[in-house]
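Asks: The structure is given below, and queries will be raised subsequently.
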Amino acid sequence: MASTIGRIRALQLGRQIRHFSSSPTRYAAEVKSLGVLGAGQMGLGIALVAAQRAGVPVTLVDSSKAALDRGLGFAEKLLSKDVSKSRITQEQADEARSKLFPTTEMEALSEVDFVIEAVPEIPQLKFDIFAKLAEVCSKHAILATNTSSISITKIAAATTKDPRDMSASSRVVSTHFMNPVPVQKGVEIISGLQTSAETVDTAVAFCKAMGKIPSVSADSPGFLANRILMPYINEAVICLETGVGDRDAIDAIMKNGTNVPMGPLQLADFIGLDTCLAIMKVLHQETGDSKYRPSVLLAKMVDAGWLGKKSGKGFYDY
Ligand code: NAD
């Protein structure tokens, strides 16, 4: 494991980048405060788990006051559910809630040690935000993104106008949490070309402090999880469209034959067929490899508005 991570880092960073990197070494023990940008589905989950498990105060920033109110309402609901199921005590729930500090001001992130960005998956929005984070945050802060598909190298590049200056870009990394954050243990730690080894180490240690199990990977289309998962789902849809098997046969053999909790077509419905198609398109376009060609049926279902569970119809009816 250690040698694999070492090899990835060696490939990613190279001696030159390590040599020029000016970021100071910081480890999770020193991450005393977190900032989360975006109080949506992912940001709220990340903030709550960090407050509960890592025990750090979390500055939760969202440009929308309504989104902050919604997010905090949801956090309180999750905490109450944990109390009612005796997973935590009322005191622990109160303590976690008291660690969340909502605000609409990005400047409130000026003192935090670690920021995780979880705003919508719009490249220019993320680039603008990272340019601003490089200005607003302290010079030691780790700047992490939760992007599902955007290149970490491109996000890191947005922190500077001079590519030789890696004082901020070496602190950019991806902490790609899985949905729902309080439940899923896995998190991908992805380094861009500029990311320093110290930044990766800090991100790994902090995610462990949050109770997660990190996997380190290089900056490559789809990273690890989606690079493996989406072609699997796509292949299942191709089996359906070419008549190799029907829906139930496909899901049943994978569920009962490989011990996964649900078959690939049902899983696609839960993720959202539009999301699956968008990720396949990124893999196809960015690698130019025909093995990632999205299934024609998948594209047609998205055209029909059959997006899976969220639209009430996908491979199954909801
Ligand atoms: P979401 O739409 O639920 O939440 C995004 C939040 O960002 C909203 O509350 C919005 O008000 C806020 N926002 C928008 N612009 C902002 C700005 N300029 N400053 C501050 N806040 C701003 O989105 P989500 O599903 O939580 O996804 C967030 C990120 O996580 C995306 O990059 C997504 O690709 C990634 N991701 C999502 C999932 C998933 O299953 N939802 C899984 C893994 C990764």
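The values are calculated or read from the model by the stated rules, or taken from the named source; none is laboratory data. It should be emphasised that the depicted structure is a prediction, and the values quoted were computed from it without experimental measurement. With ideal geometry, Cβ positions are generated from the backbone for all residues, glycine too; neighbour counts draw on all protein chains shown. These accessible areas exclude ligands, DNA and RNA; they are computed on the full protein's heavy atoms, side chains included. Shrake-Rupley method; radii C 1.70, N 1.55, O 1.52, S 1.80 Å.
Asks: For q = 0.07, 0.09, 0.10 Å⁻¹, what log10 I(q)/I(0) does the chain give under the Debye formula with an equal point scatterer on each alpha carbon and no solvent?
Replies: Values, matching the q order: -0.30, -0.50, -0.61.
Asks: Cross-link candidates for residue 85: which aspartates and glutamates have Cα within less than 17 Å, leaving aside residues fewer than 8 places away along the same chain?
Replies: Once the sequence-local aspartates and glutamates are set aside, what remains near residue 85 is 76, 94.
Asks: Starting from 0 in steps of 5 Å, tell me what percent of the Cα-Cα pairs of the range 85-128 lands in each bin.
Replies: Binned Cα distances yield the sequence 5, 14, 17, 18, 15, 13, 9, 6, 2.
Asks: Shifting gears a bit: Hey, got a sec? Which trypsin sites (Lys or Arg not before Pro) in the range 251-297 land in a DSSP loop and have at most 15 other Cβ atoms within 10 Å?
Replies: On the way: sites: 255, 281, 291; in loops: none.
Sparse-neighbourhood loop trypsin sites (Lys or Arg not before Pro): none present.
Asks: In the structure shown, do any of 212/291; 185/300; 212/281; 185/310; 255/309; 132/154 have a Cα-Cα gap over 26 Å, and if so which? Walk me through the numbers on the way to the answer.
Replies: Details: 212/291 32 Å; 185/300 33 Å; 212/281 29 Å; 185/310 24 Å; 255/309 19 Å; 132/154 15 Å.
Where the Cα-Cα span goes over 26 Å, the pairs concerned are 212/291; 185/300; 212/281.
Asks: Specify the angular offset, from 0 to 90 degrees and rounded to the nearest 10, of the alpha carbon long axis of helix 225-241 from the longest principal axis of the alpha carbons in the chain.
Replies: Once rounded, the angle reads 10 degrees.
Asks: Enumerate by residue number the trypsin sites (Lys or Arg not before Pro) in the range 30-81 meeting two conditions: DSSP loop (anything except H, G, I, E, B), and at most 16 other Cβ atoms within 10 Å of the site's Cβ. If you can, show how the numbers build up before the last one.
Replies: Numbers: sites: 32, 53, 65, 70, 77, 81; in loops: 32.
Filter output for the range 30-81: 32.
Asks: State the extension gain, in nm to one decimal, for the chain segment bounded by residue 247 and residue 77, taking 0.36 nm per residue of separation less the distance between their alpha-carbons. Write down the numbers at each step before the final one.
Replies: Details: separation 170, 0.36 × 170 = 61.20 nm, distance 3.58 nm.
Roughly 57.6 nm would be gained on extension.
Asks: Specify the inter-centroid distance of the range 237-263 and the range 62-129, based on alpha-carbon positions, in whole Å.
Replies: Their Cα centres are 38 Å away from one another.
Asks: Could I ask something else about it? Leaving ligands, DNA and RNA out of it, report the carbon-plus-sulfur percent of the accessible area of the chain at a 1.4 Å probe. Display every interim value, and only then the final one.
Replies: Numbers: 8560 of 15330 Å².
Carbon and sulfur together cover 56 percent of it.
Asks: What is the angle, in °, between the Cα long axis of helix 123-136 and the longest principal axis of the Cα atoms in the chain? Nearest 10 is fine, range 0 to 90.
Replies: 20
Asks: Tell me, what is the per residue accessible area of the range 225-311 in Å², probe radius 1.4 Å? Don't jump to the answer; show the numbers that get you there.
Replies: Values: 4680 Å² over 87 residues.
Accessible area per residue: 54 Å².
Asks: Which of the GluC sites (Glu not before Pro) found in the range 35-128 are in a DSSP loop and have at most 16 neighbouring Cβ atoms, other than their own, within 10 Å? Numbers along the way, then the final one.
Replies: Numbers: sites: 76, 91, 95, 105, 107, 111, 117, 121; in loops: 105, 121.
Within the range 35-128, the qualifying GluC sites (Glu not before Pro) (loop, at most 16 other Cβ atoms within 10 Å) are 105, 121.
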